[in-house]
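K.L.:
Got a structure for you, written out below as structure tokens; questions coming shortly.
The values are calculated or read from the model by the stated rules, or taken from the named source; none is laboratory data. Fair warning: this is a prediction, and the values are worked out from it, not measured in the lab. Note: ideal-geometry Cβ built from the backbone for every residue, glycine included; neighbour counts use all protein chains shown. All accessible areas refer to the heavy atoms of the entire protein, side chains included, with ligands and DNA or RNA removed. Shrake-Rupley method; radii C 1.70, N 1.55, O 1.52, S 1.80 Å.
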Amino acid sequence: MSLALYDTWSRAVRPFAALQASHVGLYCCGPTVYDHAHIGNLRTYVFEDVLRRVLELNGYAVRHVVNITDVGHLVSDADEGEDKMEKGSRRTGASAWEIAERYTRAFMSDWQALNLLEPTLWCRATDHIAEQIAFIAELERNGYTYRTNDGVYFDTSRQDDYGYLARLDHAGLQPGKRVALGEKRRATDFAVWKFSPAGSTRQMEWDSPWGRGFPGWHIECSAMSARYLSPWFDIHCGGEDHIAVHHSNEIAQTQACHGTRLANFWMHGHFLMHDAGKMAKSNGDFLRLRSLTERGTDPLAYRYLCLSAHYRSKLRFNCEALDAAQAALDRLRKAYASWPAGGGADAGFVARFRAEVNQDLNVPRALAIVWEVVRSDLPAATRRATIDAFEPVLGLRLADWQAQAFEIPEHVAALAQQRDKARVDRAWGEADRLREKLKAAGWQVDDGMDGQRLRPIDGAT
Ligand code: AMP
Ligand code: ZN
């Protein structure tokens, strides 16, 4: 069965065909690195990872580009308030550049722990200021911008279909109703360049034809996707919150500059929720992947939890659901490890699995097929080979798992936890000291892709 995907632009599941033979350009909006990513953000990256894996299953070579927003994302989506990076700098006492570096590294480590495939290319907004300035200059030449006291704005009144992606209700956005206008001509207009406040210097600022300042948030994605893919590529992804503002504005800019709406398919992951509502960085009330590992959950159990819900449905997070995912993953690992290698995959199951993931990434149904295989009366080696055929999509690293044959004493686990924390804080001296302490207690610590692993030094336990 061929691949069909839900496209937010057309609000429909439609057959997927690549624009250029077997090559797919995929652009995913990446993290704003002023704080740690929370598990809600990570749910979106798991969805995008599965999308990429399913495209590859269908024989496409995917050029996967993910940006790092390290400048320009303001506290309010209405172009007001502080830059999140400068705010993060005040919160932590480190420079905006340092926190960008710190949280980018932390993000990459979460990325690896969840077994997300490495993108073809990461690109940072601050490494592409020249491209963004050139893009804005083109918008200006085409008559789409105007200046105010605090920046250069995109004039959304020039496009009749502005906000189509979000099916924007223009009437509901009239000034005086919900949105403060400031010097903007229209509520939906947005900054493409902001000036550094008069009389003060920002940590991150650049010269431009319009004055010293920094790019607006949306322009980076229009400029970098055009550079690394083209102004017309296959799929653009993000979380559902991006539909109304960020992606609508990317489309407006690229339409004005290149005459395209960027991507043939627009795909959005739905939110991870918790009891208080949407999980969000801005209210400070969020869980990190580390919050889960500190309570003993395997990062891949969180991946399993994400796989168990369709990407277009909200997922309510709670510890019971997480523990159930961990228990299911443990059962699957044990079953898999008990089967011998050397069999051939069952063609019927493989076809059914593929049909489910090809139907707009129906991974929950595909997981149900995994369990049918586990419970089936197929020879054990066939079951193993069949699950192996699913692994390129599931990414659960079943073959890497080995049952731990030893118990880790509590005081050793506590030392390991302290060392883990020291590594995250990049307190390398402290991490080394704790490594020695563990060694003295008879335990060797190995730093792997998904964190550190302990093993007893021979004869010590
Ligand atoms: P940010 O770092 O805030 O720029 O967001 C990174 C990605 O996470 C974007 O694609 C967002 O749309 C997405 N995102 C933000 N909050 C959530 C949430 N609660 N659940 C799922 N995805 C989210
Ligand atoms: Zn973006």
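K.L.:
For the range 377-423 and the range 245-271, what is the separation of their Cα centres, given in Å?
P.N.:
Rounded to whole Å, the Cα centres lie 39 Å apart.
K.L.:
Another question, if that's okay. Can you classify the range 4-269 as rounded, prolate or oblate using the Cα gyration tensor, where a ≥ b ≥ c are the square roots of its eigenvalues, rounded means a/c under 1.5, and otherwise it's prolate if a/b beats b/c and oblate if not?
P.N.:
oblate
K.L.:
Quick check: the distance between the Cα centres of the range 1-61 and the range 320-339, to the nearest angstrom?
P.N.:
For the range 1-61 versus the range 320-339, the Cα centre distance is 27 Å.
K.L.:
Another one. At 222 nm, what value in deg cm²/dmol follows for the chain if DSSP H runs of at least 4 each add -39500 (n - 2.57) and the sum is divided by all its residues, to the nearest 500?
P.N.:
-13000 deg cm²/dmol
K.L.:
Using each residue's phi in the range 97-109, evaluate 6.51 cos²θ - 1.76 cosθ + 1.60 at θ = phi - 60° and report the 3J(HN,Hα) Karplus result to the nearest Hz, with x for Gly and Pro.
P.N.:
Result, ordered by residue: 5, 5, 5, 4, 5, 4, 7, 5, 4, 4, 5, 5, 5 Hz.
K.L.:
Can you give the charge dipole size of the range 285-400 about its Cα centre, rounded to the nearest 20 debye, using +1 on the beta carbon of Lys and Arg and -1 on the beta carbon of Asp and Glu?
P.N.:
Values: 17 positive and 14 negative charges, 28 e Å.
I would put it at about 140 debye.
K.L.:
Mind checking the dipole of the chain: about its Cα centre, +1 per Lys or Arg Cβ, -1 per Asp or Glu Cβ, Debye to the nearest 20? Mind showing how you got there, number by number?
P.N.:
Numbers: 56 positive and 60 negative charges, 99 e Å.
The calculated dipole for the chain is roughly 480 debye.
K.L.:
Just want the answer: with Cβ charges of +1 for Lys and Arg and -1 for Asp and Glu, which residue in I39, S10, A276 is farthest toward the dipole's positive end in the chain?
P.N.:
Selected residue: A276.
K.L.:
By how many degrees, between 0 and 90 and to the nearest 10, does the Cα long axis of helix 410-424 differ from the longest principal axis of the chain?
P.N.:
Between helix and principal axis, roughly 30 degrees.
K.L.:
Now, a different point. Let a ≥ b ≥ c be the square roots of the eigenvalues of the Cα gyration tensor of the range 349-431; is it rounded (a/c under 1.5), or, if not, prolate (a/b larger than b/c) or oblate?
P.N.:
Cα axes put the range 349-431 in the prolate bin.
K.L.:
Roll a 1.4 angstrom probe over the protein heavy atoms and tell me the percent of accessible area of the range 240-307 that is carbon or sulfur.
P.N.:
Roughly 47 percent of what the probe reaches on the range 240-307 is carbon or sulfur.
K.L.:
How large is ³J(HN,Hα), in whole Hz, for each residue of the range 17-26 in order, when computed from phi with the Karplus curve 6.51 cos²θ - 1.76 cosθ + 1.60 and θ = phi - 60°, using x for Gly and Pro?
P.N.:
For the range 17-26, the Karplus curve yields 9, 6, 5, 10, 6, 9, 10, 10, x, 10 Hz.
K.L.:
Just to confirm a number: summing +1 for Lys and Arg and -1 for Asp and Glu over residues other than C306 whose beta-carbon lies under 14 angstrom from that of C306, what do you get?
P.N.:
+2
K.L.:
Around T148, which amide H atoms from residues at least 5 apart in sequence, or from another chain, sit under 5 Å from its own amide H, with H modelled in the peptide plane?
P.N.:
Residues meeting the amide H criterion: Y153.
K.L.:
In the full protein assembly as shown, how much of Y164 is accessible to a 1.4 Å probe, in Å² to the nearest 10?
P.N.:
We get 100 Å² for Y164.
K.L.:
Determine the dipole magnitude for the range 4-269: charges of +1 sit on the beta-carbon of Lys and Arg, -1 on that of Asp and Glu, nothing else is charged, the reference point is the Cα centre, and the result goes in debye to the nearest 20.
P.N.:
So the dipole magnitude of the range 4-269 works out to roughly 280 debye.
K.L.:
Could you go through the range 304-313 in sequence order and give the Karplus-derived ³J(HN,Hα) for each residue, using 6.51 cos²θ - 1.76 cosθ + 1.60 with θ = phi - 60°, rounded to whole Hz, and x for Gly and Pro?
P.N.:
My calculation for the range 304-313 gives 4, 4, 4, 5, 6, 10, 5, 5, 9, 10 Hz in order.
K.L.:
While we're on this one: Of the accessible area of the range 341-420, with the probe set at 1.4 angstrom, what percent is carbon plus sulfur?
P.N.:
51 percent
K.L.:
Rg(Cα) of the chain divided by 2.2 N^0.38 Å?
P.N.:
Ratio of Rg to 2.2 N^0.38 Å for the chain: 1.06.
K.L.:
Moving on. Going highest first, how would you order 87-95, 261-269, 146-154 by mean Cβ packing within 10 Å?
P.N.:
Highest to lowest by the protection proxy: 261-269, 146-154, 87-95.
K.L.:
Accessible area, 1.4 Å probe, largest first: how do K84, K334 sort?
P.N.:
K334, K84
K.L.:
So, one more: Would you please give the residues with an amide H less than 5 Å from that of V13, counting only those at least 5 places away or on a separate chain, with H modeled from the backbone geometry?
P.N.:
Amide H neighbours of V13, under 5 Å, 5+ apart: D7.
K.L.:
Per residue and in Å³, how big is the convex hull formed by the alpha-carbon atoms of the range 285-400?
P.N.:
About 102 Å³ per residue, rounded to a whole number.
K.L.:
Continuing with this model, one more query. Quick check on the chain: of the DSSP beta bridges with both residues there, what percent are antiparallel, nearest 5%? Don't jump to the answer; show the numbers that get you there.
P.N.:
Values: 26 of 50 bridges.
Roughly 50 percent of the DSSP beta bridges within the chain come out antiparallel.
K.L.:
Separate question: List the longest stretch of the chain that has no exposed loop site; here a site is one of the GluC sites (Glu not before Pro) assigned by DSSP to anything other than H, G, I, E or B, with at most 12 other Cβ within 10 Å.
P.N.:
184-406
K.L.:
Also: Measure off, as a whole percent, the carbon and sulfur share of the 1.4 Å-probe accessible area of the range 36-134, all protein chains present.
P.N.:
Here it works out to 48 percent.
K.L.:
For the chain, what is the accessible area per residue in Å² when the probe is 1.4 Å? If you can, show how the numbers build up before the last one.
P.N.:
Numbers: 19660 Å² over 461 residues.
About 43 Å² of surface per residue is accessible.
K.L.:
Amide H to amide H under 5 Å from L3: which residues, 5+ apart in sequence or cross-chain, H placed 1.01 Å off N in plane?
P.N.:
Excluding prolines and chain starts, which carry no amide H, the hits are F16.
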